[in-house]
Amino acid sequence: MRKKKNIIFAVALFGMSVLIGGTAAYHQSTGFFRNIFKVGYWKNETTEEFTGPDNWQPCQEIPKTVIGKNTGSVPASVRIKYEEYWKNVGNTDLSHTSDLSLTDNDGDRIAYVKLQNQDDWVDGGDGWYYYKYMLGAGSETSSLLKSVVLDCKNNFAGENTCVAENGQTVCTKPENPYDGAKYHVFVTVQYTSEPSEWDYVLEKS
């Protein structure tokens, strides 16, 4: 009778060992993946070379350059326009209105902007010049503007007026409204990441 109980106990122990072994064989693992998407940044910079003269003389050419640069990481395109205004002596108003004519009596420009690198720029016919190439990170445009020149004529108001007085011919020079006046060149530079907004075709540089 004692021997039989021992056999039953051994079988029970074997069953427990099988159950424990099965539990230890079960494994579980989890993997994690972090994906980071860094958005490019939009940044640009415009530099100018220009020193205004204190006593601008006829035929004198004053250097003036404007360059656009992409200092961000997002490709950009650039356009530029310039506007000219003459202001009377003492007029400090910076609005885009001209007190004096831009041309003399012969229809010639009294002062004018000289351009350069025109093969790099497209005249849009809307007052804007469009840079032909998309600017990648760190790229910059050439300068469309080169200089500003005061016309070589020194009598913008017209020819001298001569009259006979007491047997003599007296000539007087008409008052020159440009004496002491100030010539303003207002330059606007725009950047965009969507050149299709400007309706022109870019070339890849």
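Details
- Taking a ≥ b ≥ c as the square roots of the eigenvalues of the alpha carbon gyration tensor, segment 63-156 is prolate, as a/c is not under 1.5 and a/b beats b/c.
- Net charge, E45 excluded, C-beta distance under 9 Å - Lys, Arg +1, Asp, Glu -1: +1
- Neighbours of F186, meaning other residues whose beta-carbon lies under 13 angstrom from its beta-carbon, give a summed charge of 0 when Lys and Arg score +1 and Asp and Glu score -1.
- Exposure proxy order (Cβ contacts within 10 Å, fewest to most) of Y191, Y130, Y112: Y112, Y191, Y130
- Amide H partners (placed H, <5 Å) of V74, local residues excluded: Y41, K43
- Note on E61 and F186: the extension gain reaches 43.3 nm, defined as 0.36 nm multiplied by sequence separation minus the Cα-Cα distance.
- Counted by Cβ distance under 13 Å from G138, the other residues give a net charge of 0, where Lys and Arg count +1 and Asp and Glu count -1.
- Across the cross-link table entries K38/K64; K38/K81; K87/K132; K146/K182, which are compared at the Cα atoms, the separations over 28 Å belong to K38/K64; K38/K81; K87/K132.
- Candidate cross-link partners of K69 among the aspartates and glutamates, defined by an alpha-carbon separation under 13 Å and a same-chain spacing of 8 or more, comprise E45, E48, E140.
- Full-stretch length increase - V170, E45 - with 0.36 nm per residue and alpha-carbon distance subtracted: 39.2 nm
- Contact order relative to length of segment 91-166, as percent, for alpha carbon pairs under 8 angstrom and 6 or more apart: 35 percent
- Approximate spin-label separation D106-D151, in nm, with each point projected 7 Å along Cα-to-Cβ: 0.8 nm
Coordinate-derived values only; no laboratory data. Computed from a predicted model, the values in this text were never measured in an experiment. Note: ideal-geometry Cβ built from the backbone for every residue, glycine included; neighbour counts use all protein chains shown.
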